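Values quoted throughout were computed directly from the atomic coordinates according to the rules given, and no laboratory measurement underlies them. Keep in mind that what you see is a predicted model, and the values were worked out from it rather than measured. All Cβ positions, even for glycine, are placed from backbone atoms using ideal geometry, and neighbour counts span all protein chains on display.
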Amino acid sequence: MMVLARAQVGSEQLLVRPRWSGTRRLLVLASPLVVIAVGWAAAHLFTSLLGRWAWSGTELVYWGLLIGVVLAFGGQRRLAEWFAASRRSRLWLVFAVGVGLLSFPFLLLPNLGLLASIPLAILWILFAPVNAMCEELYWRGFLLDKTAGPSRWLLVAYSSAAFVAIHPIMLGVFSKAMALNVASPKNYLIFAAIVLVQAVAWSVLYLRTGSLRLPVLSHALTDLGTLSIFAFMNMVPVPGVS
């Protein structure tokens, strides 16, 4: 059963997020493993069917799965709260934008020539907010609402680790930039560390502001800065990767 309660802390009234118990709670906690497995299968399927456009089919399946899991567990009742106005938003807005812009000088600016392809540039711009909203809705909003108190930080670690893992397992099937090269793991370890820091940062943004607005903004900026679909199509040079 899902329970919502309100607690008074000083002069501020805080919403205690819903908790799950029993089988439903275990299913929620197991859902990242299902998402990763289905994402891996979809990536292999669409790589064989679509080649360099594998990302398009894979992402549609992935987004549908994320939204489907949220709706299956009653998440539609929380949408208004998840996307409500952020608390203490000024300083956190600076933090969110700062995290989102980290990759701009290292990836976007040196590869601006890729944007000469207008159709791909349009897809790149559209991809960023859609992907950010779907992923933040599931990985932060949905998963982090399932516990409260100290155990929430354990779930932040679990959710963040699973979020890191889905990049090589799913996206790494067709993207050299995100694949784990066992013979030369240095590039991937750097990439994984950056993704982990971002996942934790977006978790903190959500937990501290009570809204997914700033995590979505920061995540969308990150997807723009990393050239997302261009990287999926192996159009972004990766040091040490032929």
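Sequence-ordered 3J(HN,Hα) estimates for segment 157-173 from the Karplus curve with 6.51, -1.76 and 1.60 and θ = phi - 60° stand at 5, 5, 4, 5, 5, 5, 5, 5, 5, 5, 5, x, 6, 9, 5, x, 5 Hz, glycine and proline given as x. The modelled label-to-label distance for the pair Arg88/Leu120, using points 7 Å beyond Cα in the direction of Cβ, is 4.3 nm.
Oblate is the label for segment 111-242, because the ratio a/c of its alpha-carbon gyration tensor axes (a ≥ b ≥ c) is 1.5 or higher and a/b is not greater than b/c.
Listed options for Cα Rg over 2.2 N^0.38 Å are (1) 1.03; (2) 0.93; (3) 1.11. The value calculated from this structure is the one marked (1). Would you work out which of Phe230, Tyr188, His219 lies farthest towards the positive end of the dipole of segment 5-232, given +1 charges on the beta-carbon of Lys and Arg and -1 on that of Asp and Glu, about the Cα centre? Of the listed residues, the answer is His219.
Specify whether the C-alpha gyration tensor of segment 51-147 places it in the rounded, prolate or oblate class, a ≥ b ≥ c being the square roots of the eigenvalues: rounded for a/c under 1.5, otherwise prolate if a/b is larger than b/c and oblate if not.
Working: a/c = 2.79, a/b = 1.30, b/c = 2.14.
It is oblate, given that a/c is not under 1.5 and a/b is not larger than b/c.
Within a 10 angstrom radius of the beta carbon, how do Leu212, Leu217, Leu207, Leu189 rank from fewest other beta carbons to most? Present the calculation step by step, with values, prior to reporting the outcome.
Working: Leu212 26, Leu217 21, Leu207 15, Leu189 10.
Result, fewest neighbours first: Leu189, Leu207, Leu217, Leu212.
Cut-off is 10 Å between beta-carbons; in what order do Trp82, Trp202 appear when sorted fewest neighbours first? Spell out each step's value before the answer.
On the way: Trp82 21, Trp202 31.
Final ranking by Cβ density, sparse to dense: Trp82, Trp202.
Shape verdict for segment 100-166, please, from the Cα gyration tensor: rounded (a/c under 1.5), prolate (a/b greater than b/c) or oblate. Cα axes put segment 100-166 in the prolate bin.
Under unit Cβ charges (Lys, Arg +1; Asp, Glu -1), what dipole magnitude, rounded to 20 debye, does segment 5-232 have relative to its Cα centre?
Working: 18 positive and 7 negative charges, 135 e Å.
Charge dipole, segment 5-232, about its Cα centre: 660 debye, nearest 20.
Mean residue ellipticity at 222 nm from the helices of the chain, using -39,500 (n - 2.57) per DSSP H segment of n ≥ 4 over the full residue count, to the nearest 500 deg cm²/dmol? Could you put the intermediate results ahead of the total?
Values: 9 runs with 143 residues, N = 242.
Only helices count here, giving -19500 deg cm²/dmol.
Modelled spin labels at Val197 and Arg77, positioned 7 Å past Cα toward Cβ, are 4.0 nm from each other.
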